[in-house]
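The values are calculated or read from the model by the stated rules, or taken from the named source; none is laboratory data. This is a predicted model, so every value here is computed, not measured. All Cβ positions, glycine included, derive from the backbone under ideal geometry; neighbour counts span all protein chains shown. For the accessible areas, the whole protein counts, side chains as well, though only heavy atoms, and no ligand, DNA or RNA atoms are used. Shrake-Rupley method; radii C 1.70, N 1.55, O 1.52, S 1.80 Å.
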Amino acid sequence: MSIQPLLIAAAALFSIGIYGILVRRNAVMVLLSIELILNSVNINFVAFNAMLSDVFLNGQIFSIFIITIAAAEVGIGLAIVLMLFRNRETANINEFDLMKW
Amino acid sequence: MEAIDIFSYFLLLLLLLSGVKVVTTSNVIHAAIFLVFTLATTAVLFILLSAEFVALVLILVYIGAVIVLFLFGVMITRAPLGPNAELDNDQNKLMAAVISLSIFGIFTYILLQTFDSTVVISEGTSTKLLGEILLSRFVFPFELVSFVLLGALIGGITLARKDNALMDEDQI
């Protein structure tokens, strides 16, 4: 198993996530696309860890930290979306243009 | 080509197809279910890359907790559960496709220039060793991450709770 297909698949997953962030209108769907991006970074870390056969397992430990931070981010993000929904009666991010000039 | 190569190419194809479905499907619940597929395929890929503990953490934290949180978020924000044409910004689609394809092109060019087809070695990782490194070499980031989780807990409760004394609905 070589490293190139893994890295290219992770890059493809990253660009799929970028597409989702730009296209989706519902705020929860944007958070789902952010999860895709974080997942592609995890794949890269674990693949490099296996390629270098690192003694200190830096790649795996970093991906565990990324998973933890992603869980915290989802909690805060959904709380913010819930707050916006309570105040504006919608989760559509086109409606949230208060800070747009 | 060995059997494990064919299996991993199949896994990568499945990963990308379910990832595309996450961003293109017009049903909110289906998007969450396809994210489960994507994450499960990633976990199998991690097992192939001899990162068993990370694969189990991915299944426990993402598929166990994050997806449930997403489904709750979808249902609380009363997103229409059936197919929904209003889910996408149609005028952004072309621009988004151009941007994401150009990012993919740049990444692929750089990766193909930088890495030759080095074979990934997978000989298995000892979870005991992972725990020892996590609690010796990485003990400061480990403790820091627990503070991040505490902050997320307090922030989530503070944001999501209803407090009429602090928050005037008319001003926001």
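Summarise the partner chain shielding of B:23-29 as one whole number: the mean count of Cβ atoms from other chains within 10 Å of each residue's Cβ. Before the final figure, lay out the partial values.
Values: counts 13, 4, 1, 0, 0, 4, 0.
Going residue by residue through B:23-29 and averaging, the value is 3.
Be a star and scan the range A:44-85 for residues whose amide nitrogen sits under 20 Å from the point 7 Å along the Cα-to-Cβ vector of B:ILE154.
Only A:69-80 fall inside the zone, counting backbone N under 20 Å.
Cα centroid distance between the range B:81-107 and the range B:1-30, in Å?
18
With a 1.4 Å probe and every protein chain left in place, work out the accessible area per residue of the range A:3-88 in Å², rounded to a whole number.
Details: 2400 Å² over 86 residues.
On a per-residue basis, the range A:3-88 sits at 28 Å².
Can you list the residues in the range A:38-52 whose accessible area drops by at least 30 Å² when all protein chains are present, compared with the chain alone? Use a 1.4 Å probe, heavy atoms only.
A:ASN39, A:ILE43, A:VAL46, A:ALA50, A:MET51
Once Rh is set to the Kirkwood radius over Cα pairs, what Stokes-Einstein translational diffusion coefficient, in µm²/s, holds for the protein assembly as shown at a temperature of 25 °C and a viscosity of 0.890 mPa s? Numbers along the way, then the final one.
Details: Rh = 19.9 Å.
In µm²/s, the coefficient rounds to 123.
Need one number: buried accessible surface between chains B and A, 1.4 Å probe, both sides summed, DNA, RNA and ligands left out, in Å² to 100.
Values: alone 14050 and 7600 Å², together 14280 Å².
Approximately 7400 Å², summed over both chains.
Need one word for chain B: rounded, prolate or oblate. Basis is the Cα gyration tensor (sqrt eigenvalues a ≥ b ≥ c); a/c below 1.5 gives rounded, then a/b vs b/c decides. Please report the intermediate quantities before stating the final value.
Details: a/c = 2.02, a/b = 1.24, b/c = 1.63.
Here chain B falls in the oblate category.
Express the carbon and sulfur contribution to the solvent-accessible surface of chain B as a percent, rounded to the nearest whole number, probe 1.4 angstrom.
Numbers: 7510 of 10470 Å².
Here carbon and sulfur together make up 72 percent of the probe-accessible area.
Suppose we keep just the alpha-carbon trace of chain A; what are its Rg and Dmax in angstrom?
17.0, 52
How far, in nm, would the chain grow between B:LYS162 and B:GLU2 when pulled straight, counting 0.36 nm per residue and subtracting the alpha carbon separation?
Working: separation 160, 0.36 × 160 = 57.60 nm, distance 5.82 nm.
Value of the extension gain: 51.8 nm.
At a threshold of 8 angstrom on Cα-Cα distance, excluding pairs fewer than six apart, so keeping six or more, what relative contact order does the range A:3-88 reach in percent? Walk me through the numbers on the way to the answer.
Details: 62 pairs, mean separation 23.9, N = 86.
Relative contact order here is 28 percent.
Along the Cα→Cβ direction, 7 angstrom out, place labels at B:THR108 and B:GLU143. What is the inter-label distance in nm?
4.7
Below 22 Å, Cα to Cα, which lysines can B:LYS21 reach? Residues fewer than 8 away in the same chain don't count.
Once the sequence-local lysines are set aside, what remains near B:LYS21 is B:LYS93.
When the accessible area of the range A:1-94 is computed with all protein chains present and a 1.4 Å probe, what percentage of it is carbon and sulfur?
Details: 2040 of 2810 Å².
The computed percentage sits at 72.
Under a plain spin-label model, where a point goes 7 Å from the Cα along Cα-to-Cβ, how far apart in nm are B:ILE33 and A:ILE93?
That separation, rounded to one decimal, is 2.5 nm.
Do you know the relative contact order of chain B, to the nearest whole percent, from alpha carbon pairs under 8 angstrom that are 6+ apart? Present the calculation step by step, with values, prior to reporting the outcome.
Details: 82 pairs, mean separation 34.7, N = 172.
It comes to 20 percent, rounded to a whole number.
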